[in-house]
Amino acid sequence: MNHMSQSLFRNLAFLLCAFCSWALSVTRAPPASTSYWVAPAAAGTGNGSSVTNAANYRTTSFWSTVQSQLQSGNVTVNFEDGTYTAGSLSLTNMGNPLYPLTLAAVNPHGPVLSPSANIIELYGCQNFQVNGLVFTGPSPNWGIYCIPNGTKPCRNIEITNCWFLDLTNAYYAAIGLLNGTRDIQVHNCNFTNITAGSHQHMIYAPHDIENVVVSDCVFQDCLADYVRFRDDSEYCVVQNCQFISTKSASAWPFVSAELYNVTNSDSAGDEFFGTYFQVSGNSFTYLASGGSGPYAALHFSDNGYSPQSYNCALTSAQASQLSSGTTSFQRSFLETNMGIISSGIKMFGNTYNSRVAYHMDYTYTWDSIQPNGGWQGTIKLDNVPDASGTPLGPPPVMRNADFNRRGLLLTPVSVGLKDYECLFRDWLCSPKYTDILLSSNFYGTNNALRFDKANNQYVYQWISSPGPNWTMDCLFAIGSAFTGTGVKFKVDLFHNDITGSKVSLGVDNLGRFGIYNGGTFTLLPGLGTVAFSVDNTGGGTYTTPGDVLNVYRLRIVGNYTASTPYVNIYTSDANSPNLNHQALGQTYWVGNKPVTDKSAPETAIFYNFTAPVLLGQIALAPGLGQQPPILQIASLGNGTMRLSCTNGFPGDMYYMLTSTNLAAAPGSWTVAATNTFDQTGSFSMSNPLPSNSPPVFYRLQLQ
């Protein structure tokens, strides 16, 4: 967005014109749809083209054909009736964000999958639907196992009308959603007799899980927490389900959010509570006494260290205060000491039988190794959640985009790779967290991420879709102490994780901006040149007095609804918020171009290459952040002027200027108020009108 000034009259004209707009409706042809068939053993030609030529369900070449067909339309793989025991169905980097792949029973619950192996494994897969299958038998670890593969997420998986029965050997869970898996729906499924031991769950969702919705399911008899969310897993919903424990051995918490902070040598826990959940419309029933418990509908617990910056290992005095405190005190205590924000926990419309001792509880258990506060036990917190009936809102497009939440997760995020969650919560990194550091007081903000100069590194986040029209904004600085030539800082926004298709921008060793056209770095001279920062004091932060810090603002605006999708790119001068350089209408891509009206960013990755780079204040939101906001309300009354605007970009600053001379130069107007657009791209403000003065004119100025 260029530095621009919009008068109220111009905004009003823009708003009025909006009512006169019209649109041409274009009917688009539906995507092609292809069906295949599989069976426990191949039939006929075995190519899967028909029932009589069904493929063996584990044939690699068949699934390669399916993946190729997904590039142009939806695919359904029909599972014939029978017992599938040959081994795991293991799929890697499959799917298409635009076209779903459905694994469906020809006859619901006719296909019974019961191998002596994990039944279905999805590595870096997305946009799958699994419908009508039965999972049972001697699987050693998982029924369905979903996990990212490197930077490729596992996301948009729907599991519907499936049965998970008598998985008596599965060590971990009937459904495993691991290490960043997100956007999962489990609907109308039946979980019964999951009894491998106190380590096995019906749904297990550990480590940065987001947007899991479990609805209309039946959960009966599990020998551990039935649905467990763990470590920064949040924006999850459990609704309209039945939870039933028929015996004392299965009397465990029904829904839990747990931490296991037992492995860190730095004496600070590396797991954190997620804090946004909805538990609504469920029935919770315990039929037997004498179980392990707690007999809880929603259960929060920690085991071992307290997470970094929090205090979950309570003293006896603190536990007494929390237990006996008012609801207001309990809410404040949980937020301060555990990072649990009560307003984000929605619990309403549930029913509980008399043996449910806790609607919500907090438990601390000491494992006899880590230091602790001296207290163990369970505290009743039934009045803490928001019971108003207000549903949980959608997850934000990005989490912790300002790097203000510290974290430290040492668990690998994908099998066999050295990728770790970094020093900042909700971000993953490579090669490891020790080379990605913190710089405070970065250009007036609290924190920035700092790449160590000696390494090639990246951080990434799998994002919630902002839609086909979107805006990404960030601040960055590049230090002069780099080695070698070529690109030193790069930003990738993937619109197809499976194919690696993306828009990719960077800055080279001469400070020049460019965009990648395939593998070619194409210069964009209209964006200006970066002056490198200088670490004169040798502290490495570039924020110590005496250092030279040159911070730049970068904005990328994607219009993927256009007939030819494109991005507009804007940059600032050093240490200025004004976006006064631009390169418009860019249609260069790595891989395939976005598909009109369908594609949207899925993953954001930021890189350094043997150069110190500071990165902060990232924002990614729906809408085209190059347009003026729309004035919704402008009113005068009771000596006050009131304004309300929408269609701004979150974090952009606005200024309300006043003058008694409408013809005065903009630089001579007086600043009456200033603030930023909120997370929805809106602002509302009021300003007192001066009394006994000449007429006053108002101007809205944006940066």
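The values are calculated or read from the model by the stated rules, or taken from the named source; none is laboratory data. These numbers were taken from a predicted model, which means no experiment stands behind them. Neighbour counts run over all protein chains shown; Cβ positions are idealised from the backbone, glycine included.
Sub-7 Å Cβ pairs linking a first residue in the stretch 543-561 that is over 20 Å from Gly506 (Cα atoms) to a second residue that is among the charged types (D, E, K, R), at least 6 apart or interchain, are Asp547/Asp535; Thr561/Asp597, ordered by first then second residue. Of all the residues in the stretch 279-312, those that are more than 28 Å from the chain's Cα centre (by Cα) and in a loop (DSSP other than H, G, I, E, B) number 9. Between Asn149, Asn156, Asn141, Asn107, the distinction of being on the phi > 0 side of the Ramachandran plot and of a type outside the set (Ser, Thr, Tyr) belongs to Asn156 only. Note on the stretch 565-593: residues that are under 17 Å from Gly467 (Cα atoms) and in contact (Cβ under 8 Å) with a residue 24 or more places away in the chain total 4. Output yes when any residue across the stretch 98-117 is part of a loop (DSSP other than H, G, I, E, B), outside the structural domain of Phe135 (by the TED database) and either at pLDDT below 95 or not basic (Lys, Arg) (or both), and no when none is. Checked the stretch 98-117: no residue is part of a loop (DSSP other than H, G, I, E, B), outside the structural domain of Phe135 (by the TED database) and either at pLDDT below 95 or not basic (Lys, Arg) (or both). Regarding the stretch 155-165, can at least one residue be identified that is out of contact with any Lys or Arg (no Cβ under 7 Å at 6 or more places or on another chain), over 27 Å from Asn107 (Cα atoms) and buried (at least 20 other Cβ atoms within 10 Å of the Cβ)? Looking for residues that are out of contact with any Lys or Arg (no Cβ under 7 Å at 6 or more places or on another chain), over 27 Å from Asn107 (Cα atoms) and buried (at least 20 other Cβ atoms within 10 Å of the Cβ), one finds none in the stretch 155-165, hence no.
For the stretch 477-522, residues that are surrounded by fewer than 19 Cβ atoms within 10 Å (Cβ to Cβ), on the phi < 0 side of the Ramachandran plot and not in a strand (DSSP E or B) total 8.
Of the residues making up the stretch 207-227, those that are crowded, with 24+ Cβ neighbours inside 10 Å and part of a strand (DSSP E or B) number 6.
Here is a yes/no grid of residues against (1) hydrophobic (A, V, I, L, M, F, W, C); (2) in contact with a helix residue (DSSP H, G or I) (Cβ under 8 Å, 6 or more places away or on another chain); (3) on the phi < 0 side of the Ramachandran plot:
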residue	(1), (2), (3)
Gly281	no, no, no
Gly293	no, no, no
Tyr305	no, no, yes
Cys312	yes, yes, yes
Gln321	no, yes, yes
Gly325	no, yes, yes
Ile340	yes, yes, yes
Thr351	no, no, yes
Ala357	yes, no, yes
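The set of residues in the stretch 228-244 being buried (at least 24 other Cβ atoms within 10 Å of the Cβ) and over 14 Å from Leu177 (Cβ atoms) consists of Cys241, Phe243. Residues in the stretch 173-194 that are assigned to a strand (DSSP E or B) and closer than 27 Å to Ser430 by Cα: Gly176, Leu177, Arg182, Asp183, Ile184.
Here's a check for you: in the stretch 587-612, which residue that is under 28 Å from Asp678 (Cα atoms) and either among the polar types (S, T, N, Q) or outside the structural domain of Ile498 (by the TED database) (or both) is surrounded by the fewest Cβ atoms within 10 Å (Cβ to Cβ)? In this case the residue turns out to be Thr603.
So which of Ala54, Ala32 ends up being over 27 Å from Asn141 (Cα atoms), buried (at least 16 other Cβ atoms within 10 Å of the Cβ), aliphatic (A, V, I, L, M) and not assigned by the TED database to the domain that holds Glu121? It would help to see each step written out before you state the result.
Working: Ala32 fails: buried (at least 16 other Cβ atoms within 10 Å of the Cβ).
After ruling out the rest, the residue left standing is Ala54.
Would you check which residues across the stretch 434-460 are within 21 Å of Val487 (Cβ to Cβ) and of a type in the set (Gly, Ala, Ser) and list them? Scanning the stretch 434-460 gives Ala448, Ala454. For the stretch 44-77, a residue qualifies if it is closer than 20 Å to Asn118 by Cα and polar (S, T, N, Q), and the qualifying residues are Asn56, Thr59, Thr60. Picking from residues in the stretch 179-203 that are at pLDDT 95 or above and aliphatic (A, V, I, L, M), the one that is surrounded by the fewest Cβ atoms within 10 Å (Cβ to Cβ) is Ile184. Here is the figure for the stretch 337-353: residues that are within 16 Å of Asp231 (Cα to Cα) and surrounded by fewer than 17 Cβ atoms within 10 Å (Cβ to Cβ) total 1. Note on the stretch 130-172: enclosed strands (runs of 3 or more DSSP E) holding 1 or more residues that are farther than 21 Å from Val218 by Cα and modelled with pLDDT of 95 or more are 142-147, 155-160.
Residue-level analysis places Phe532 among those that are hydrophobic (A, V, I, L, M, F, W, C), assigned by the TED database to the domain that holds Pro468, without any contact (Cβ under 8 Å) to a residue 60 or more places away in the chain and within 23 Å of Ala448 (Cβ to Cβ). Annotation: of all residues in the stretch 525-574 being assigned to a loop (DSSP other than H, G, I, E, B) and β-branched (Val, Ile, Thr), the one that is surrounded by the fewest Cβ atoms within 10 Å (Cβ to Cβ) is Thr564.
The condition of being surrounded by fewer than 19 Cβ atoms within 10 Å (Cβ to Cβ) and in a strand (DSSP E or B) holds for only one of Leu584, Leu615, that being Leu584. When the stretch 444-478 is limited to residues that are in contact with a Gly (Cβ under 7 Å, 6 or more places away or on another chain) and of a type in the set (Ser, Thr, Tyr), the one that is nearest to Arg182 (Cα to Cα) turns out to be Thr471.
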